[in-house]
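These notes concern the structure reproduced below.
The values are calculated or read from the model by the stated rules, or taken from the named source; none is laboratory data. Computed from a predicted model, the values in this text were never measured in an experiment. Methodologically, a virtual Cβ is constructed for each residue, glycine included, from the backbone with ideal geometry; neighbour enumeration extends over all protein chains shown. What goes into the accessible areas is simple: the full protein's heavy atoms, side chains included, and nothing from ligands, DNA or RNA. Shrake-Rupley method; radii C 1.70, N 1.55, O 1.52, S 1.80 Å.
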Amino acid sequence: MMDRHLLSNGTLSATVKADGAELCSLRDAAGEEMLWQAAPIWSRHAPVLFPIVGRLKDDTLRHDGKSYRMTQHGFARDKRFAWLNRGATGCRLVLHEDAETRAIYPFAFRLEIAFTLDDDALDVSFSVTNP
């Protein structure tokens, strides 16, 4: 089951899912969808690209004499984030390194993403911390 959270402020509504911390819907007060609705041709909405955008040469990260295989756009879009909070008009999610990420990205990190509806805008903020 996909874990999602709906934000709404009367002017906008947004849906965020824990898988990939991905924004998957953004609608105005009339219900008009403003975000690509995933389809077989491209099954994502607005993926989070971390720790890289694009592709590394030979899909390989080299650090301290070791090689790590990392595919296009990194791994965050394929990881389940934890909810830090969920409110009517905002939510925050977090992803930390784990054994799976360390196998392809040898660094400790904390990636926090916040979604906040503010009048007629959706504010999205990203915070990356090296613990």
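Here are a few things to note about the model shown:
- Just one of the listed residues (ALA114, ALA38, ALA46, ALA103) is within 12 Å of the chain's Cα centre (by Cα) and open to solvent by 30 Å² or more (accessible area, probe 1.4 Å), and it is ALA46.
- Matching entry among ALA18, ALA46 (being within 16 Å of ALA114 (Cβ to Cβ), at pLDDT 95 or above and touching a Leu at 6+ places or on another chain (Cβ under 9 Å)): ALA18
- Residue within region 72-81 that is without any contact (Cβ under 8 Å) to a residue 24 or more places away in the chain and out of contact with any Phe, Trp or Tyr (no Cβ under 6 Å at 6 or more places or on another chain) present: yes
- Unmet criterion (only one of (1) under 17 Å from PRO106 (Cα atoms); (2) touching a Gly at 6+ places or on another chain (Cβ under 9 Å)) for GLY74: (2)
- Answer residue from region 59-100, given it is small (Gly, Ala, Ser) and open to solvent by 70 Å² or more (accessible area, probe 1.4 Å) and is nearest to VAL124 (Cα to Cα) among those: ALA88
- Restricted to strands (runs of 3 or more DSSP E) entirely inside region 1-107, those with at least 1 residues that are of a type in the set (A, V, I, L, M) are 4-8, 12-17, 22-28, 60-63, 82-86, 90-96.
- Condition broken by ARG27, with the remaining ones in (1) open to solvent by 50 Å² or more (accessible area, probe 1.4 Å); (2) closer than 24 Å to ASP119 by Cβ; (3) free of Cβ contacts under 8 Å to residues at least 12 places away in the same chain satisfied: (3)
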